[in-house]
Amino acid sequence: METVFWLSLVVVIYVYFGYPLLLSIACKVARRPVRKGDYEPSVTILIAAHNERDRIGRRIENCLWLDYPKKKLQILVSLDGPTDGTEFAVWKYASRGVEMVHSKAHIGKPAALNAGMRRARGQVVVFADARQTFSHNAIRRLVANLADPEVGGVCGELILLDETSSETKSDVGLYWKYEKWIRSMESEVHSLVGATGAIYAIRRELYSDLPEDTLLDDVVTPMRIVFAGKRVVFDAGAKAFDDVSCCPAAEFARKVRTLTGNYQLLRQMPKLLVPWSNPVFCQFLSHKLGRLLVPFLLIGLFVTNVFLWGGIYSWLLIAQCCWYFFAVAGHFVAIRNVVPPAVTVEEQRRAA
Amino acid sequence: MKRAFSLPYSFVLMNWAAVVAFYYFVSGRKDVWFRGKLAHSHKSPRRMSH
């Protein structure tokens, strides 16, 4: 019982504190800087979208405004069976060079990406979602990293904005900052364990078709690049902007999807678990697998603590009870301040 | 003061998400792919059905 308790505690602490600490030490002793340079390849911005009639115009305008030679920039929208007329909103931009791949069937994002990649001409492909926007120099910042032949992919920084259009200070924002801090250190040591779907770029030749049921295209593609012997790095200078989720419950839905994708990843790419096949095995184990294990370890920690009473165990159980009591109280605070899930920050702003 | 409640709540919610994700994965639910469906039914994931 005691062994299970202490083992669970040590692993939970390692995942959230020990691993970042080890990474920061590794950054000091084994840092691998990216050899950035003046590099101006042809670029395709690939936007996969389903029903995005209201947002796609803003997204395309943002792409047309970016600081990159128009002759070298292909803007390609791959539509996955839209039913709200998104295709008509995209057609309006055909005269300005925007291209479209239109699938009438709603198959899923991976199929839309596969179809888009078959039409992409750029040496580098930048993946983007319809919801976010890029900073003016985002493309230049991304491709500068690809001047380094060791680098196969680059991930930009996603900034979550609150209703005042400044970077959010909510818990979701805090969690996201913590994630980005870990990612930047992983990048300095070798590679990220996955990218941000909102903004990442790869060399086109490194892409291979995704299975249609893939949940995390932004993890599968970068991991394939790592397996191909290249690095996937993080550049905080290339920014994408998005609205923060309206409430923790909305973030919960997003998180369930991401974590289900992590389980799927283990089935799709079992060699992630083989140390000699996976160049970022330690990062994967600590960052991805660790996060999947923590909830079960927390349950084990609580249950074993109930049976271990006395001395330090009593204090630890009281601490755990307080933590979960505060969590339940936080739930009631959250549902008192809840915003209807269908109302996004953008919609609130418009209403105001 | 508000953070004293919201931080443990967010932490527990995120970990509960991993448990729900495990259930979705082992039960082979496909609707998790469709972002819209999940986002609109996040209040009660159990109501999601084919």
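The values are calculated or read from the model by the stated rules, or taken from the named source; none is laboratory data. Fair warning: this is a prediction, and the values are worked out from it, not measured in the lab. Neighbour counts are summed over all protein chains in view; Cβ atoms, including those assigned to glycine, are modelled from backbone coordinates with ideal geometry. What goes into the accessible areas is simple: the full protein's heavy atoms, side chains included, and nothing from ligands, DNA or RNA. Shrake-Rupley method; radii C 1.70, N 1.55, O 1.52, S 1.80 Å.
Observations on the structure shown:
- Antiparallel DSSP beta bridges within the protein assembly as shown, as percent of all bridges there, nearest 5: 25
- Segment A:270-335: C-alpha pair distances exceeding 14 Å, %: 70
- Derived from the Cα gyration tensor, the three semi-axes of the equivalent ellipsoid of segment A:252-306 are 24, 16, 8 Å, largest first.
- Hull shadow area, averaged, segment A:193-242 [alpha-carbon convex hull, nm²]: 4.0
- Taken over the protein assembly as shown, the ratio of Cα radius of gyration to 2.2 N^0.38 Å equals 1.01.
- Unit charges at the beta carbon, dipole of segment A:108-160: most positive-side option, A:Pro149, A:Asn137, A:Gln123: A:Gln123
- Residue by residue, segment A:25-34 carries 3J(HN,Hα) couplings of 5, 4, 4, 6, 9, 9, 6, 10, x, 7 Hz when phi is fed to the Karplus relation 6.51 cos²θ - 1.76 cosθ + 1.60 (θ = phi - 60°); x denotes Gly or Pro.
- Sequence-distant residues sharing a close amide H with A:Gln74 (under 5 Å, placed H): A:Val43, A:Thr44, A:Ile45
- For segment A:230-239, the Karplus equation 6.51 cos²θ - 1.76 cosθ + 1.60, evaluated at θ = phi - 60°, returns couplings of 9, 9, 10, 10, 10, 10, 6, x, 8, 10 Hz by residue, with Gly and Pro reported as x.
- Averaged over peptide A:329-335, the number of partner chain Cβ atoms lying within 10 Å of each residue's Cβ comes to 5.
- Links that overshoot a 22 Å alpha carbon limit, given the list A:Lys36/A:Lys72; A:Lys104/A:Lys255; A:Lys92/A:Lys239: A:Lys104/A:Lys255; A:Lys92/A:Lys239
- Debye-formula intensities of segment A:1-149, expressed as log10 I(q)/I(0) at q = 0.09, 0.15 Å⁻¹, are -0.44, -0.80 (one equal scatterer per alpha-carbon, no solvent).
- Protein accessible area in chain A, 1.4 Å probe - carbon and sulfur %: 63
- Cα centre as origin, Lys/Arg/Asp/Glu Cβ charges: the protein assembly as shown dipole, Debye: 340
- With the charge dipole of the protein assembly as shown set up from +1 on Lys and Arg Cβ and -1 on Asp and Glu Cβ about the Cα centre, the Cα lying farthest toward the positive end among the listed residues A:Leu76, A:Gly290, A:Val333 is that of A:Leu76.
- According to the Kirkwood relation over distinct C-alpha pairs, the hydrodynamic radius of segment A:89-222 is 16.6 Å.
- √(5λ) per eigenvalue of the Cα gyration tensor, segment A:1-78, largest first, Å: 45, 24, 9
- Per-residue Karplus couplings for segment A:295-309, computed as 6.51 cos²θ - 1.76 cosθ + 1.60 with θ equal to phi - 60°, are listed in order as x, 6, 5, 5, 5, x, 4, 6, 5, 5, 5, 4, 7, 9, 10 Hz, Gly and Pro entered as x.
- Under 5 Å, built H, 5+ apart or other chain: amide partners of A:Glu52: A:Thr86
- What separates the Cα centres of segment A:296-324 and segment A:31-51 is a distance of 48 Å.
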